[in-house]
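Single-structure report; data block below.
The values are calculated or read from the model by the stated rules, or taken from the named source; none is laboratory data. Predicted model only: the values in this text are computed from it and were never measured. Note: ideal-geometry Cβ built from the backbone for every residue, glycine included; neighbour counts use all protein chains shown. Accessible surface areas use protein heavy atoms only, side chains included; no ligands, DNA or RNA. Shrake-Rupley method; radii C 1.70, N 1.55, O 1.52, S 1.80 Å.
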Amino acid sequence: MRKLLFQNFFRGPLTERAPALDEAAVEELATALQRAARRRLGRSLSIREIDAGSCNGCELEIHALSNAYYDVERFGIRFVASPRHADVLLVTGPVTKNMSDALERTYRATPDPKWVIALGDCARDGGCFAGSYAVVGGVSQIVPVDLHIPGCPPPPVTILQGLLSLLDRTAKNVAST
Ligand code: SF4
């Protein structure tokens, strides 16, 4: 027991160091996203997150967007509780059989214009859960997907970049019609 206490006293932390954060880059990205939302929608961007069967790793990164560091709400990017108030459905995980109906109904409940983002490797094609008896597959098997953000899980900055590229792309599509 004494030996164990002694070892623990001198052993370094087992956790990894957090990566260096670039506040200026986050602010620039979030501001660009805020401007793109105002141009495209005339107001702030509202996001409804749907966990269709994720391991929760992707949710940890999404939640980080609302923490004290990223605090994306200060740029008018809001997570909403109801699909009726959403512009973007941010879907994580492989779609499980138990969630496929709920995902489809949530999609139908979201007013147009709306966009669907499949977030994380599992959302593309089931990822490491593909082939499971409980999994239907990727998000596009159930609802149309406008953008896939890769990663397992994608970090907050990658999520912001994905949202920005989606708004930029849809703005260009509107301009060219
Ligand atoms: S992509 Fe990775 S973190 Fe996200 S749900 Fe799948 S296994 Fe979990």
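For the chain, with all protein chains in place and a probe radius of 1.4 Å, 53% of the accessible heavy-atom surface sits on carbon or sulfur. Length gained on full extension, Cys152 to Tyr133: 4.7 nm, using 0.36 nm per residue less the C-alpha separation. Where the centre of each part is set by its Cα atoms, how far does the stretch 47-103 sit from the stretch 24-38, in angstrom? One Cα centre to the other: 19 Å.
Ranking Glu104, Glu49 from most to least accessible surface, computed with a 1.4 Å probe over the protein chains only, gives Glu104, Glu49.
Scanning the chain for trypsin sites (Lys or Arg not before Pro) lying in DSSP loops with no more than 13 further Cβ atoms inside 10 Å, the longest uninterrupted stretch between such sites is 44-177. The magnitude of the dipole of the stretch 29-77, with charges of +1 and -1 set on the Cβ of Lys/Arg and Asp/Glu and taken from the Cα centre, is near 540 debye. Of Asp125, Asp87, the order by accessible heavy-atom surface (1.4 Å probe, DNA, RNA and ligands excluded), from most exposed downward, is Asp125, Asp87. For the stretch 1-89, the set of chymotrypsin sites (Phe, Trp or Tyr not before Pro) satisfying both a DSSP loop assignment and a count of at most 15 other C-beta atoms within 10 Å is given as Tyr69. Averaged per residue, the stretch 40-177 has 48 square angstrom of accessible surface, using a 1.4 angstrom probe with ligands and nucleic acids left out. The GNM of the chain, with springs linking C-alpha atoms under 10 angstrom apart, assigns the highest mean-square fluctuation among Cys122, Cys58, Cys152 to Cys152. When only the Cβ of Lys, Arg, Asp and Glu is charged (+1, +1, -1, -1), the dipole of the stretch 78-165 relative to its Cα centre reaches about 200 debye.
DSSP beta bridges confined to the chain are antiparallel in about 10 percent of cases. Once both labels are positioned 7 Å from their Cα atoms along Cα-to-Cβ, the gap between Arg169 and Asp125 label points is 1.8 nm. For the chain, the Cβ-based charge dipole about the Cα centre amounts to some 180 debye (Lys, Arg positive; Asp, Glu negative; other atoms uncharged).
Identify the residues of the stretch 108-131 with backbone N under 18 Å of a label point that sits 7 angstrom from the Cα of Gln141 along the Cα-to-Cβ direction, or state none. Zone members listed by number: 117-131. Among Gly12, Gly137, Gly76, the largest mean-square fluctuation in a Gaussian network model of the chain, built with springs joining Cα atoms closer than 10 Å, belongs to Gly12.
Taking a ≥ b ≥ c as the square roots of the eigenvalues of the Cα gyration tensor of the stretch 9-73, is the shape rounded (a/c under 1.5), prolate (a/b larger than b/c) or oblate? Judged from the Cα gyration tensor, the stretch 9-73 comes out oblate (a/c at least 1.5, b/c at or above a/b). With the helix formula -39500 (n - 2.57) applied to DSSP H stretches of n ≥ 4, the chain reaches a computed 222 nm mean residue ellipticity of -13500 deg cm²/dmol.
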